[in-house]
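The values are calculated or read from the model by the stated rules, or taken from the named source; none is laboratory data. What you see is a predicted model; the values in this text were computed from it and never measured. Glycine gets a Cβ as well: all are built from the backbone with ideal geometry, and neighbour counts include every protein chain shown. Keep in mind that these areas ignore ligands, DNA and RNA; they rest on the heavy atoms of the full protein, side chains included. Shrake-Rupley method; radii C 1.70, N 1.55, O 1.52, S 1.80 Å.
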Amino acid sequence: METKILPLPVAAPGESETLSDHVFRAIQSAIVKGEIAPGSKISEPELARTYGISRGPLREAIHRLEGQKLLVRVAHVGARVVALSQQELCELYQIRESLEGMACRLAAERMTPAALQELRRVLEAHERDEAFQAGRGYYQQEGDYDFHYRIVQASGNQMLIRMLCDELYQLARMYRIQYSATPNRPRQAYAEHHRILDAIADGDGELAELLMRRHIRASRLNIERQIAQGNLQRTEA
């Protein structure tokens, strides 16, 4: 299956951003949002034409996407968009459950009052989101607008931060976005986030870790139910 990246609107790079950085972000976003389907073969000539970039900077961007686990290199085929099997997806969520639970416990020990207030404002922004209010899905902005990202950063553990905010972050976001529109799940996830935040604010690391593990396990079980109902056939390709 060839990639279908047909003239996406691509603004000019910012002043501090190289062309390779800009194209990397554009392709990353298209993969994470599902605009480039899992399993799609990446065509360097087509990408070069679409984004008006030479092969050197493009290959640099592709290499970075491989580092984020969004692209995989297949012998005699080339780069493809990742398409996790059911087992691989389950394993990803098991890793998240364990590591994000640990991060949550550490955050409860280390988060400052100012950081806690910022995290509350993040959840307030999530609640005001139009798609969330309409029941179409959970708020999906990345980085500092992401509840999970903020907590991992607050853990202060640099190895956890590197693993969860760099190496696995976009891959996890890809599947979080894909399943955010499950009926009732956005409201449930929002309530779970609030309980986690309350435990962190109370300095109860043990409870915060337990609640985060339960939260991610609930997301995994939700995905498994959808797979059982045949809603993720394409990830098996």
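If you wrap a convex hull around the alpha carbons of region 19-81, what volume per residue comes out, as a whole number of Å³?
Hull volume normalised by residue count: 75 Å³.
In the calculated pair distance distribution of the chain, what percentage of Cα-Cα distances lie above 32 Å? Before the final figure, lay out each step's value.
Working: 6745 of 27966 pairs.
Roughly 24 percent, once rounded to a whole number.
May I ask for the angle, rounded to the nearest 10°, between helix 169-178 and the longest principal axis of the chain, with both axes built from Cα atoms and the value confined to 0 to 90°?
90 degrees
State to the nearest 20 debye the size of the charge dipole of the chain about its Cα centre, where the only charges are +1 on K and R beta carbons and -1 on D and E beta carbons.
Using only the charged Cβ atoms, the result is roughly 620 debye.
For the chain, build the charge dipole from Cβ charges (+1 Lys, Arg; -1 Asp, Glu) around the Cα centre, then report which of Ile227, Gly52, Leu65 sits farthest towards its positive end.
Going by the Cα projections, it comes out as Ile227.
Using the charge dipole of the chain (Lys, Arg: +1 at Cβ; Asp, Glu: -1 at Cβ; taken about the Cα centre), state which of Gln178, Gln94, Val152 has its Cα farthest towards the positive end.
Selected residue: Gln178.
Tell me, what % of the accessible area of region 72-127 is carbon and sulfur with a 1.4 angstrom probe? Show your work: numbers first, answer last.
On the way: 1440 of 2750 Å².
That share works out to 52 percent.
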